[in-house]
Number of protein chains: 4
Amino acid sequence: MPDRTDPEGAIAEAAEKYSNWGRWGSGDVLGTVNFIDADTRRAAAALVRTGESFSLAQSFDMNGPQKGWRRRTNPVHTMLDTGVDAALGNQGFPHGIGGADDVVSMPLQCSTQWDGLGHIFDHGRAWNGRDAAKVVTSEGDLVTGIEHMAAPVTGRGVLLDVGRVVGEDGELPDGFAITAEHLKATAEAHGVRVGRGDIVCVRTGRLARARREGWGDYAGGPAPGLSFTTAGWLHGTEIAAIATDTWGFEVRPNEFDDAFQPLHQVAIPHIGLLIGEMWDLDALAERCAADGVHAFFLTAAPIPFTGAVGSPVNPIAVK
Amino acid sequence: MPDRTDPEGAIAEAAEKYSNWGRWGSGDVLGTVNFIDADTRRAAAALVRTGESFSLAQSFDMNGPQKGWRRRTNPVHTMLDTGVDAALGNQGFPHGIGGADDVVSMPLQCSTQWDGLGHIFDHGRAWNGRDAAKVVTSEGDLVTGIEHMAAPVTGRGVLLDVGRVVGEDGELPDGFAITAEHLKATAEAHGVRVGRGDIVCVRTGRLARARREGWGDYAGGPAPGLSFTTAGWLHGTEIAAIATDTWGFEVRPNEFDDAFQPLHQVAIPHIGLLIGEMWDLDALAERCAADGVHAFFLTAAPIPFTGAVGSPVNPIAVK
Amino acid sequence: MPDRTDPEGAIAEAAEKYSNWGRWGSGDVLGTVNFIDADTRRAAAALVRTGESFSLAQSFDMNGPQKGWRRRTNPVHTMLDTGVDAALGNQGFPHGIGGADDVVSMPLQCSTQWDGLGHIFDHGRAWNGRDAAKVVTSEGDLVTGIEHMAAPVTGRGVLLDVGRVVGEDGELPDGFAITAEHLKATAEAHGVRVGRGDIVCVRTGRLARARREGWGDYAGGPAPGLSFTTAGWLHGTEIAAIATDTWGFEVRPNEFDDAFQPLHQVAIPHIGLLIGEMWDLDALAERCAADGVHAFFLTAAPIPFTGAVGSPVNPIAVK
Amino acid sequence: MPDRTDPEGAIAEAAEKYSNWGRWGSGDVLGTVNFIDADTRRAAAALVRTGESFSLAQSFDMNGPQKGWRRRTNPVHTMLDTGVDAALGNQGFPHGIGGADDVVSMPLQCSTQWDGLGHIFDHGRAWNGRDAAKVVTSEGDLVTGIEHMAAPVTGRGVLLDVGRVVGEDGELPDGFAITAEHLKATAEAHGVRVGRGDIVCVRTGRLARARREGWGDYAGGPAPGLSFTTAGWLHGTEIAAIATDTWGFEVRPNEFDDAFQPLHQVAIPHIGLLIGEMWDLDALAERCAADGVHAFFLTAAPIPFTGAVGSPVNPIAVK
């Protein structure tokens, strides 16, 4: 384990060891998503056995976990027109047609989401070594906006149900740091291999607990999650993306005395890793436990908001 | 062709002939999406040959076509935090970490989207015969909200490039009504069969024209699109969903003297058909024309806003 | 006191006794604001002695009391452009000019506000006996929208500091029902008369407590406020408007066993009374206590959102 | 007139001549609003003769002039609850009470507004010489946010109806540069004096034209407005604020070959002048022309969004 008192040193060391800067050229905007190619995708499609589909999205509504931290609210969905008005003839349309329409205001990272490559910086550096001040301005991410991820994020998904394999009653406690050893043991228990181009889904059980006990501090509070020490595993496995059922992907409280999301600081700007948060893996996990198959075809295409540094996604797993 | 002066009569007749009310029970919330099942989905996965993926979404930003009709704007994306601020040390985080975050305000039908089953009513009746006033209130669609479509909309996609087969230079002119004959001829030209559970993508070329000439009245103005007379084809083929590269799916101006989206009035509340609009089919169409294969695996999972009557989607086709 | 078990009966009785329906004609859209006229306004201007001005608005930001009840959030304010970007030359303007710009998403009743006449209904009836279903649709208040209040709400303000006169340490406890007797006694203690056309500001001390102890359940929880029994006083005094430093104007919990804002149900649709909530009266109250003068010139002009049923306001008192 | 080819030189010269930096101390956040004091406000109240009130706000709705420039839209107002739902009993409240509630998403400068002191910078410098990058970040204006203007902006208003005095049929043509001489001649024609602490309202007639002919390019297009050469008058008169009935306060096209709002660049960061835009002065102007009295009591209190660089306002003139 790194020195608890020196997050900055530990981050610098990991950043240097696991950097992918330049690996896909100076103009790269995809990071580890480059590991997904047509071949891996074709192979992933061949995994489909039953044709069952699973949405890995939480719901998007006011009953979500957000409480206002950094101006993040739950999505506010309102109607422009309703069936009530249509039924009463308030709409002024001809021949009995009526309609309903709606709008939403929301943070792009309020519910199930991908962190874009412009979401996190290390000492003013964004993915691939770029100057953060030139990448993400008030106009959005001018270089690595989430729109670049519109097409490629579909391929082989692997569920690592660490909550079930390592935890009690399917859940890891808050503050539990998932290490590379836990990840490997879980894969082994599942009989699945994790490798290049995979989209790895790590289930901790934290969301199941929130469902049972209420959101509480789900958004920003203590949670199980990836240990800072997994940076090497994240880099070495050459996975394309990773997602968890927690708010913040990595373990909280963090493993340093005074720190904030230190693994993000290595994973996003240095590894170029696509990170998913607040995914709902519970139904899929039930099914995988039942049939013993933990790899599947996964499509996790973000809504391509131009210049966004994160985006809502409804990931679909097909078994 | 129906009597141009009597849209209401024509709608009533088509509604009666092609109604699916009760077909999947009184509690149904999926409509024709019921035609997709695990078998059709498994068969669709077997279509994957090359592993190439295509996003069928337009971009989501202020450069879109909306001009304010019924309070529909383009999406307004703003930053909560930026790389500029991170680089200047304005954020107050420890150990050199910086972040960017963003929000959006938008109509749910401003860009590439699915119309939910609660989007259109016929004389106060919603899908399956329900009272529209009990289905879609100010709180949203309480019965058939788009969240029910979160998981199932993945299966066999079929591109019908009517613009290329029937049009000139790949485009149909505004006001061109696509009939069942055009659809069948296009399928035949492609060597593809359309059937139960398919998600049909109809390319008219209207978006390509907007790209070349500017949006103009893309949102709400004249466009090629499905003829009112296709209602029987939409019903009889037992397709699960259909999407176009136009704002409004059906031909505009409509084929009646004084009408507004009459085919919607049959297709959504009576057939229970999932309709997609403003899809970008151009890149996929190029590829299909090149390889001659017009069926593919398609995942088109809406963001599951609870109670929404429409939702943004980033459809992903894998060939 | 009315029968605790029969709110509906009590409301019906008060509604009949204190109704102003028809008083200003069938087309009226102003209610008791009609009591303000040029004469009362001129007389009010003559009250100005020192020229000091006081804002009676709370701040509008994410540090507000809203917690999501009925989709009410605090205002989300984001920047379209910043000084940081301007300083770095990211904006592309000529000759060294730079700019900042911003947007907000918010409920119109999230902070200091007026309730419009379309905010509350009694058994489907809106102000002046209109059918609520014809007045406030998805398009907003088509008849009594807050835009009608744009000009007239300026005149004589009167502070009734009930917290200071009746309470302990300047504050009334939660659940304290302010009666007409309390209001009269407070006016008498202040040496001020309340009458036709006045805009009455009732200070309970609830906001001061929230400032000291945190918001807690300020929005929607227990609070001091006007007793249901004040309906007669509200009607008989012919005041134009009344505002409090609480979330909900009337005492909470309400004075019936199972009730929700029963005084609103009389005051808005029947009396046609303009009600202000979440005002900040503390600084003004300090000054009035010091100089013994509790009447002043008050301008409380809502932002005229067309069709709004409530609106933010920054009320300005000039002594 | 300054050299058309050298806006930067002209701005620098005017900035030096008319700077108020340091005039009210290094911590100042009010700029020329400091010129309003209790005495000027008391004197202004004494101007009230008839008690008539006028709202100088345009309406706030989708029928406004914004077309998306720099992501500025018109305000999108939607309902959270409606009278229609209340009438149908959809709301679940007891004893027959029903309610309507609403939300808005809007740029703070979409309609009648004040520009805050953090709205415009000159070569990275904000009002009072501060570093723009330290003043307005993604979190808003940390120093000179509009909340500081919550209380003081009430005092003596003066209408200068230049459209009526200098124009034809009450309107100045687009591109007409109003000089100090025009302002003085207008004041003389009105028999009114402009001086320290005044809030000056300049009517050009541009809004009347937009009302008659449609918005066209009202937002950002050609318009009459203040000449760059009025900088000295703006500074020397010691007025507290100035507002126009145009989108951009100063004449457009600007008086330099390649320029963007050059008078703003002097007036806001150097003079510290509060500038109002998109005011509706027409009804007031009619009345002033009729009674010959052009000074009045004016309350123009912005909604105090914390950290905002501009804010909607409903200015109220009382004659």
Distances from D:Lys184 to the same position in the other copies: list them in nm, one decimal, shortest first, using label points 7 Å from Cα along Cα→Cβ.
6.3, 8.6, 8.7
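Shielding by partners for B:118-130, please: the mean number of other protein chain Cβ atoms within 10 Å of each residue's Cβ.
Rounded to a whole number, the mean comes out at 5.
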Report, to two decimal places, the Cα Rg of the protein assembly as shown normalised by 2.2 N^0.38 Å (N = number of residues).
0.94
Once you have all Cα-Cα distances for segment B:155-208, histogram them in 10 Å bins from zero and send the whole-percent values.
26, 55, 18, 1
Using Cα centres only, tell me the gap between segment D:52-95 and segment B:139-192 in whole Å.
36 Å
Determine the alpha carbon to alpha carbon distance for each of D:Lys17/D:Lys134; C:Lys319/D:Lys319; A:Lys134/D:Lys134 and list only those over 20 Å.
D:Lys17/D:Lys134
Over the Cα atoms of segment C:178-251, compute the convex hull volume and normalise it per residue, giving Å³.
84 Å³
Can you tell me what the convex hull of the Cα atoms of segment A:1-40 projects to on average, as an area in nm²?
4.3 nm²
In Å³ and rounded to a whole number, note down the convex hull volume per residue for the Cα atoms of segment D:1-116.
298 Å³
P(r), alpha carbons of segment D:226-319 - 10 Å bins starting at zero, rounded %
13, 41, 36, 10, 0
Order D:Arg196, D:Arg71, A:Arg4 by their accessible area, 1.4 angstrom probe, all chains in place, largest first.
D:Arg196, A:Arg4, D:Arg71
Per residue of C:36-44, what is the mean number of Cβ atoms on other protein chains within 10 angstrom of that residue's Cβ?
4
Suppose we take every Cα in segment C:23-181 and form the convex hull; what volume per residue is that in Å³?
269 Å³
Karplus-derived 3J(HN,Hα) from phi for segment D:277-293 (6.51 cos²θ - 1.76 cosθ + 1.60, θ = phi - 60°), whole Hz, x at Gly and Pro, runs 9, 6, 7, 10, 9, 5, 5, 4, 5, 4, 5, 5, 5, 6, 9, x, 10
Long-range amide H partners of B:Glu52 with built H, under 5 Å
B:Lys319
From the label point of A:Ala283, set 7 Å from Cα along Cα→Cβ, how far away are the matching label points in the other copies, in nm, ordered shortest to longest?
2.9, 5.3, 5.5
The answer for D:Glu255, listing residues at least 5 apart or on another chain whose modeled amide H is closer than 5 Å to its amide H, is D:Phe228
Shortest first and in nm to one decimal, what separations exist between B:Pro173 and its copies in the other chains, measuring from label points 7 Å along the Cα-to-beta-carbon line?
4.2, 7.5, 8.2
Treating the angle as unsigned and between 0 and 90°, give the value, to the nearest 10°, between the Cα long axis of helix B:7-18 and the longest Cα principal axis of chain B.
90 degrees
Under the Karplus relation with 6.51, -1.76 and 1.60 and θ = phi - 60°, whole-Hz ³J(HN,Hα) for segment A:76-93, x at Gly and Pro, equal 9, 9, 10, 9, 8, 8, 9, x, 4, 5, 4, 5, 7, x, 7, 9, x, 8
Assuming a viscosity of 1.306 mPa s and a temperature of 10 °C, what translational diffusion coefficient in µm² per second does Stokes-Einstein assign to segment D:64-133, Rh being the Kirkwood radius over Cα pairs?
100 µm²/s
In Å and on Cα atoms, what radius of gyration and Dmax does segment D:87-210 show?
21.9, 66
With contacts defined as alpha carbon pairs under 8 Å and 6 or more residues apart, what's the relative contact order of chain B in percent?
31 percent
Apply the Karplus curve 6.51 cos²θ - 1.76 cosθ + 1.60, θ = phi - 60°, to the phi angles in segment B:178-186 and return the couplings in whole Hz, x for Gly and Pro.
7, 9, 4, 5, 4, 5, 5, 5, 5
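State the dimensionless ratio Rg/Rh of chain C (Rg: radius of gyration of Cα atoms; Rh: Kirkwood radius). List each step's numbers first, then the result.
On the way: Rg = 20.2 Å, Rh = 20.3 Å.
Dividing the radius of gyration by the Kirkwood radius yields 1.00.
The values are calculated or read from the model by the stated rules, or taken from the named source; none is laboratory data. Quick caveat, the model's predicted, so the values are computed rather than measured. Because the Cβ atoms are built from the backbone with ideal geometry, glycine has one as well, and the counts that use them run over all protein chains shown. Just so you know, the surface numbers come from the protein's heavy atoms only, side chains and all, with ligands and any DNA or RNA stripped out. Shrake-Rupley method; radii C 1.70, N 1.55, O 1.52, S 1.80 Å.
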